[in-house]
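What follows is one structure encoded as structure tokens, with my remarks underneath.
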């Protein structure tokens with residue numbers, strides 16, 4: 001089916017990439033600031049981890065709702081109000097930090113509202129890309145690679161910007177999220193043109209029936225992708241939380257310098273994500289191969305993070321390998337979901353996947369805050385074991401021929 005040039009213009013893609021960039025900044029930018037926030041607000045390491053977790057928990061439960069609403073009423077109708085929620089949440093957290101003597105509770109409230117915004121923004125971008133390019137799997141894969149690269153580039157910028165903003169005012173990162181959300185709102189409003197659909201929206205009963213059918217017929221590979229999303233983000237965010245604490249307390253690297261050091265593994269993650277997205281080209285066999293290689297590299301390297309924690313260069317080498325593996329894996333997971341689910345259910349199914357990823361984001365920092373003092377090595381060895389178990393599950397349940405056969409029947 002033909003797409004007009006302005007439907008998928010360069011500005012349209014830029015506008016879409018602004019969403020994962022800003023949503024990532026909205027969470028990851030606070031990680032390098034957490035030690036300073038603990039000092040300013042007078043909270044523990046676990047309490048500071050909840051500033052990340054509260055954002056993610058709110059998103060976990062609301063993402064599937066946003067996915068259904070986007071299938072029913074349109075992607076743009078969900079994305080724009082969600083970005084407004086993200087803007088409001090940043091203002092609440094920022095003003096509470098600025099004006100209140102004991103701002104912790106209101107910071108959490110602001111973060112929950114931001115999480116509500118995240119639920120209806122980033123997850124909806126994935127099915128929207130599929131809508132724009134219809135059945136052109138190669139363009140979908142390429143654009144999803146760009147989207148995931150924007151996501152990971154946000155992770156690269158996060159520690160640097162977070163450290164710079166916090167050096168000016170420790171609560172400035174909260175306000176910056178609101179300013180960035182406003183920019184994204186304007187871009188989406190003016191430049192994203194949704195293709196007109198002649199089909200009637202699916203009714204709720206039919207939607208439920210179709211969803212059950214999808215998970216019944218394709219559940220094995222879908223659940224495998226969801227498990228990948230959970231473990232990968234749990235490992236990434238627990239590692240970032242640990243690095244932020246470790247660089248200050250063990251290596252005495254603080255403020256802006258710490259931001260640049262934190263950005264090293266994330267930059268490599270970003271580059272790997274971009275290359276992976278370009279290589280996939282809608283090919284399921286390639287997607288599976290990338291998943292297998294990435295899981296092996298991630299699982300084998302993550303076990304050494306604790307053992308190298310006092311040796312900075314080795315620690316950065318190990319975490320960079322983990323970052324490269326995760327960066328290569330993420331576009332593959334995005335592509336297999338988006339390209340193999342029918343349009344009318346694409347928003348819902350991809351939202352379940354995004355929700356699964358947020359489980360990992362929510363759990364990572366809080367788990368690490370509890371285990372890093374006494375069980376650091378054990379926790380990373382356990383993560384490696386889970387990675388190899390997941391590798392076996394991928395071998396067993398990501399069957400290229402079966403998935404392609406089901407898609408032809410559908």
Long-range neighbours under 7 Å by Cβ, at least six apart or interchain, first residue modelled with pLDDT under 80 within the stretch 200-223, second part of a loop (DSSP other than H, G, I, E, B): 210/202; 214/341
Residue within the stretch 378-388 that is within 20 Å of residue 154 (Cα to Cα), assigned to a helix (DSSP H, G or I) and within 21 Å of the chain's Cα centre (by Cα) present: no
Number of the condition not met by residue 85 [criteria: (1) touching a residue at least 40 places away in the same chain (Cβ under 8 Å); (2) in a helix (DSSP H, G or I)]: (1)
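Scan the stretch 391-407 and give yes if some residue there is under 26 Å from residue 154 (Cα atoms) and not in a helix (DSSP H, G or I), otherwise no.
Of the stretch 391-407, the ones under 26 Å from residue 154 (Cα atoms) are none.
Scanning the stretch 391-407 turns up no residue that is under 26 Å from residue 154 (Cα atoms) and not in a helix (DSSP H, G or I).
Residues checked against (1) outside any helix (DSSP H, G or I); (2) modelled with pLDDT of 85 or more; (3) surrounded by 22 or more Cβ atoms within 10 Å (Cβ to Cβ):
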| position | (1), (2), (3) |
| --- | --- |
| 157 | no, yes, no |
| 162 | no, yes, yes |
| 174 | no, yes, yes |
| 179 | no, yes, no |
| 186 | no, yes, no |
| 193 | yes, no, no |
| 196 | yes, no, no |
Residue match in the stretch 74-95 (condition: more than 21 Å from residue 333 (Cα to Cα), at pLDDT below 85 and surrounded by fewer than 23 Cβ atoms within 10 Å (Cβ to Cβ)): yes
Selection within the stretch 302-319 - in a helix (DSSP H, G or I), surrounded by 20 or more Cβ atoms within 10 Å (Cβ to Cβ) and in contact (Cβ under 8 Å) with a residue 40 or more places away in the chain: 302, 315, 319
Single unsatisfied condition, residue 114 versus (1) buried (at least 22 other Cβ atoms within 10 Å of the Cβ); (2) under 23 Å from residue 367 (Cβ atoms); (3) within 14 Å of the chain's Cα centre (by Cα): (3)
So residue 329, is it closer than 15 Å to residue 235 by Cα and either buried (at least 24 other Cβ atoms within 10 Å of the Cβ) or in contact (Cβ under 8 Å) with a residue 24 or more places away in the chain (or both): yes
Candidates 295, 269, filtered to the one that is in contact (Cβ under 8 Å) with a residue 60 or more places away in the chain, touching a helix residue (DSSP H, G or I) at 6+ places or on another chain (Cβ under 6 Å), buried (at least 20 other Cβ atoms within 10 Å of the Cβ) and within 21 Å of residue 24 (Cα to Cα): 269
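The values are calculated or read from the model by the stated rules, or taken from the named source; none is laboratory data. Predicted model only: the values in this text are computed from it and were never measured. Please note: Cβ atoms are built from the backbone with ideal geometry, for glycine as well, and neighbour counts cover all protein chains shown.
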